[in-house]
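Here the structure is laid out as C-alpha cells; the discussion comes afterwards.
The values are calculated or read from the model by the stated rules, or taken from the named source; none is laboratory data. Quick caveat, the model's predicted, so the values are computed rather than measured. Note that each Cβ is placed from the backbone with ideal geometry, even for glycine, and that neighbours are counted across all protein chains shown. Accessible surface is based on the protein model in full, side chains and every heavy atom, while ligands, DNA and RNA are left aside. Shrake-Rupley method; radii C 1.70, N 1.55, O 1.52, S 1.80 Å.
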Amino acid sequence: GEVADGPSLLLQIVPSNPVSRYPEIMYGLTWIIQHARQYLYIQTPYFMPTEPVLQALQTAAMSGVDVRLMVPQKPDAFWLRYINDSYFSAVLQAGVRVFTYKAGFLHSKCAVADDDWCTVGSSNMDFRSFENNFESNLFIYSRRANESMRSIFFADMKECRKVTLSEWHHRPLFQRFMESTVRLLAPIL
C-alpha cells in the first residue's frame, strides 16, 4: 500500500486456519528461514516449533546465518516456560543465539530477516498457531520497515539475558525433568 511519507510498500497478508489445505504461515516462515543469508531475528512468547520450522532454524544457524531467538523469561503460565525451554538444546547446539526477556512479559510476535523482510501478526512460533488456530500475519517486504523492527529487537535485547550452551548443559535435573514432562503433555495442555 501507499504510505504518506514515502514510496509504496509490498505487503502480503498471510492467513492460516485449521481447515486450510496448507499451513500457510508455517510454510511462509519456513521459506524465509531457509532463504535467509545474513540474519534472522525472532520474537515470540511461545516457542514450540513444528519439525520443519525447527530444522530450518537449525540449518540456517549451521550455515552461518545470525539467528537470534527472544522469548519471555517468565511466560504467562508456568508450564509454558518449560515447553519453551525444552527446545533450547536443539537450537543452541545448532548455533542459534537465545535470549530471555527480563523486563516483563514479552508478547511480540515478529521476525526480521536480511534487511528487506519482516513480519508481524497474531501467530506465535508454535504448532498450535501454525496448525490449529485462526491466525493472520503481515509479511512486509521493505528495508525501512525492517530497520524499524530490527531497532526494536536490539533495544529489547538490552533487557535480555543470553542463554549459553554451557550453562544449558548444567541446568538442574528438576528443570530437565519438567521440560520433558511438559513437552510430552503439550498437545493436551
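Build a GNM of the chain with springs between Cα atoms under 10 Å apart, and of Arg171, Arg68, Arg37 the one that fluctuates most is Arg171. Between Glu24, Glu51, Glu131, the GNM of the chain built on Cα springs shorter than 10 angstrom shows Glu51 fluctuating the most. Net charge in the neighbourhood of Val98 (other residues with Cβ under 9 Å of its Cβ; Lys, Arg +1, Asp, Glu -1) is +3. Measuring nothing but protein heavy atoms, the accessible surface of the chain at 1.4 Å probe radius is 57 percent carbon and sulfur. Summarised as an ellipsoid, segment 99-141 has semi-axes of 18, 18, 8 Å, derived from the eigenvalues of the Cα gyration tensor scaled by 5 and square-rooted, with the largest first. The modelled label-to-label distance between Gln34 and Asn132, using points 7 Å beyond Cα along the C-beta direction, is 2.6 nm. For segment 1-155, the calculated P(r), taken from all Cα-Cα distances in 10 Å bins from zero up to the bin holding the longest distance, is 11, 41, 37, 10, 1 percent. With K and R counted +1 and D and E -1, the other residues having a Cβ less than 13 Å from that of Glu51 yield a net charge of -2. With the highest mean first, a sort of the peptides 89-100, 109-120, 159-170 on other beta-carbon atoms found within 10 angstrom per residue produces 109-120, 89-100, 159-170.
For segment 27-130, what relative contact order do you get, as a whole percent, if you take Cα pairs closer than 8 Å and at least 6 residues apart? Could the numbers behind the result be given before it?
Details: 190 pairs, mean separation 38.0, N = 104.
Averaging sequence separation for qualifying contacts and normalising by length gives 37 percent for segment 27-130.
In the chain, helices alone account for a calculated mean residue ellipticity at 222 nm of -12000 deg cm²/dmol, with every DSSP H run of four or more residues adding -39,500 (n - 2.57).
Using a simple spin-label model with pseudo-atoms 7 Å out from Cα toward Cβ, Asp116 and Tyr27 lie 2.3 nm apart.
With all protein chains kept in place, the per residue accessible area of the chain amounts to 51 square angstrom at a probe of 1.4 angstrom. If both residues of a DSSP beta bridge must be in the chain, then about 65% of such bridges are antiparallel. Where does the charge balance sit around Ser142 when Lys and Arg score +1, Asp and Glu -1, over other residues with C-beta under 11 Å from its C-beta? That works out to -1.
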